[in-house]
Amino acid sequence: MSASPTPSFCVSLPPREVILDPSFWRYKNEGNANIIFSSVSSIPAYQGLALRVRKSGSRSLEVPSSKPNQANSYQTVLTYIESTIIPLVGSEYTAPMCLQEVTPQFLTELDEQTSSYRPDYRLHKGIDSSYVHAMVTIDLTYSPKSPSSNPSISTAETGLSVEIKPKWGFLSNSVALPQDHIKRKTCRFCMKKYLDRHRDQYKSRPGAILPLTEFCPMDLYSPNSERVERALETLYRNPRNNMRLFNGDGYLTTPPSWNQQVLRFFQKHVPSSIVNEADSKLHLTSILESHLTPVLVGILLKEPILRRIQRWQQRLDQWDIEALYPLVRDFMVDPSNGPLKDRLLTLPTSDEWAYAAEQALLDSRKQQPDYINPNAHSLRQAIVEYLISATLKDCSIFISLWFPPADDTTTTTEPPQHHTGQLIFSWDTVSNRAIVTDATTTAGPSTPLAAGNPDHHLAGGTELWYSIHAIDLDPKPISKFEKYFGGDQNIVNYYKSLNLTRVCQAD
Ligand SMILES: [Zn+2]
C-alpha cells in the first residue's frame, strides 16, 4: 500500500495495527462534522493521542464537482493549516497532526462501539465509513501521570484545560466604509450578541433566555492585564460557547462545577486555610478569579498567540465584507468580464491560500486596496484573504495546565511533548490570590506576569506546565461567501435599529 503524503508537522505514531484497533480509542466528544476519540493504552508512548473522523452528511470543504473529493478532504485541511495558518500563527501554537489511512471495517466498528456513548441529539449522523483518511493529533486535555503514581489516583487532580473561542478582535479600519460607520466604534461580537438574544427569544421558552453576555473580545486581545482579567471574568459568569473547561480526565465539565474543578486542581498548591474557606463559601466567580484568572492572564500576556490572531484577522479583512461583497456581485453580473467572473468564487487552490499568507507576511503594512477600480485579480485576492481571516475569527484557543506529578521515586517526570512553557505558581497571602511568574527568567527577582500586589507575601512556589494552541483551523468554504455578507448586514442593521452607543476599546 502506498504511504499517505504526510505533512511535516506529524507526531510519531503507534504501529498501524494499533491505530486501526477500535478498542484503542474511547469516544470523547463531537461537533457537527467530526467525532473525536482519545487513545486508551497502558504504553506511555501511545497515550495522549486523539483521533478525528468525519461524520456522515458532513462537508467541511466543498469542491466544484458534485461529488465531494473525500480522499483528499483531511489532506486539504492539513495542507491549508501547514502552508497558510502556521506561517501566520506559528508552528509552536499549532498541535501536530497526521493523516492516517483507515479502512471501512475500522470506521464501521468504531461507529458501532461508540453509539451508546453519544448524546441522543447527535445520533442522526454516524461515522462515514467511505472516508479513506482520519486525522491523528495530540489530545490536548491529556494529563501525564508519574509512572510510579498510584493508578487509582484520578488525573482530574493533575490537569485542567480551558478552551476559549475569542472571536473577532478588531474594529474595522476599511477605507471603503464611511468614517462614522458603526463598525469603527462597536466590535462585531458586541453587535452580534443583541441579534443572538433577539433570535433566542423566538426559539426559547420564556425564562430560558440567557442574560446578555458582557464579554467583549477586544478586552481579551488587549495587552492590558486588567482588561484580560475582565474578559475572563465575564466569560466565567456567562460562558455560552465562548469558554469550556475540561478536567484532567479530559471530560467536559459544566459551569456550575467549575469552582470545584478549579479547587481540586489547585488544592495541593495553595494554603490549606484557603481551601477550607473556599469550601465553606463556594462562590463561583471568586474562586475562579483568585485561582485561575492570574494563571490564564499570565499565559495570555506571555504568549503572543492572541496578538498574532488579532493582527491577521484584521490585516486579511482590509476591505470589510460590506464593501467587498457588492464589488464582487457587480463584477460577476457584468458580461464584459467574460470567463474571469466565473472563476471569482471557485474553491481556492492550495497555492492561492499559501500565496495570500505569504503576501501578508511580506508586506504586513500593505496599502489599502483600490476600491475604485477593482479587477479580477484584486477581488479574488481579497476573497481568499477574507476566508483565511474567517478561519482565524472562528478558531479556539486551548490552554492546558499541569502540575508536575508528585513522585516518590527519583524518576524525573518530563512535561508532555506538546507543552509550551513553565510558570512558577505561588500564593499571595495578603491578597489571597495566585501569583504567577515566568519560570524562564533566571536573572534577578522574578516579575509577576499579571498585575498584583506590589508588596507580595508569597507562599510556596511550584512549577506549573502549560500548553497553548490554536485549534479548529479548517479552511472556510467559499460557498459561504454570500452568506457572510447577509449575516454581517443582519447583525449591523439590527444593532443600528436599537440606537445603542456602545464603544469597544481598541488597544
Ligand atoms: Zn466589543
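In summary, Pro404 fulfils each of the numbered conditions (1) surrounded by 15 or more Cβ atoms within 10 Å (Cβ to Cβ); (2) modelled with pLDDT of 80 or more; (3) under 22 Å from Glu229 (Cα atoms) with the single exception of condition (3).
The set of residues in the stretch 265-286 being in contact with a strand residue (DSSP E or B) (Cβ under 8 Å, 6 or more places away or on another chain) and either at pLDDT 80 or above or not hydrophobic (A, V, I, L, M, F, W, C) (or both) consists of Phe265, Phe266, His269, Val270, Pro271.
Give the residues of the stretch 91-111 that are under 22 Å from the mean Cα position of the chain (by Cα) and surrounded by 16 or more Cβ atoms within 10 Å (Cβ to Cβ), sorted by residue number. Tyr93, Thr94, Ala95, Pro96, Met97, Cys98, Leu99 - these are the residues of the stretch 91-111 that are under 22 Å from the mean Cα position of the chain (by Cα) and surrounded by 16 or more Cβ atoms within 10 Å (Cβ to Cβ). Among the residues of the stretch 112-128, just one is touching a Pro at 6+ places or on another chain (Cβ under 9 Å) and crowded, with 19+ Cβ neighbours inside 10 Å, namely Thr114.
Per the conditions (1) in contact with a Leu (Cβ under 7 Å, 6 or more places away or on another chain); (2) modelled with pLDDT of 90 or more, the sole criterion not satisfied by Lys393 is (1). What do you reckon, is Ile383 under 17 Å from the mean Cα position of the chain (by Cα) and either surrounded by 15 or more Cβ atoms within 10 Å (Cβ to Cβ) or in a helix (DSSP H, G or I) (or both)? Spelling it out, it is not the case that Ile383 is under 17 Å from the mean Cα position of the chain (by Cα) and either surrounded by 15 or more Cβ atoms within 10 Å (Cβ to Cβ) or in a helix (DSSP H, G or I) (or both). Take the residues in the stretch 19-55 that are touching a strand residue (DSSP E or B) at 6+ places or on another chain (Cβ under 7 Å) and assigned to a loop (DSSP other than H, G, I, E, B), then tell me which one is surrounded by the most Cβ atoms within 10 Å (Cβ to Cβ). Within the stretch 19-55, the match that is surrounded by the most Cβ atoms within 10 Å (Cβ to Cβ) is Gly48. Give the number of residues within the stretch 165-192 that are within 10 Å of the ligand (Cβ to nearest atom), surrounded by 18 or more Cβ atoms within 10 Å (Cβ to Cβ) and of a type outside the set (A, V, I, L, M, F, W, C). Number of matching residues: 5. All of (1) surrounded by fewer than 18 Cβ atoms within 10 Å (Cβ to Cβ); (2) within 30 Å of the chain's Cα centre (by Cα); (3) among the hydroxyl-bearing types (Ser, Thr, Tyr) hold for Tyr325 with one exception: (1).
Residues of the stretch 322-360 that are free of Cβ contacts under 8 Å to residues at least 60 places away in the same chain, among the aliphatic types (A, V, I, L, M) and closer than 18 Å to Ser174 by Cβ: Leu327 alone. Taken together, the criteria place Trp353 among residues that are at pLDDT 95 or above, surrounded by 15 or more Cβ atoms within 10 Å (Cβ to Cβ) and of a type in the set (Phe, Trp, Tyr).
The values are calculated or read from the model by the stated rules, or taken from the named source; none is laboratory data. Keep in mind that what you see is a predicted model, and the values were worked out from it rather than measured. Every residue, glycine among them, receives a Cβ derived from its backbone with ideal geometry; neighbour counts consider all protein chains shown.
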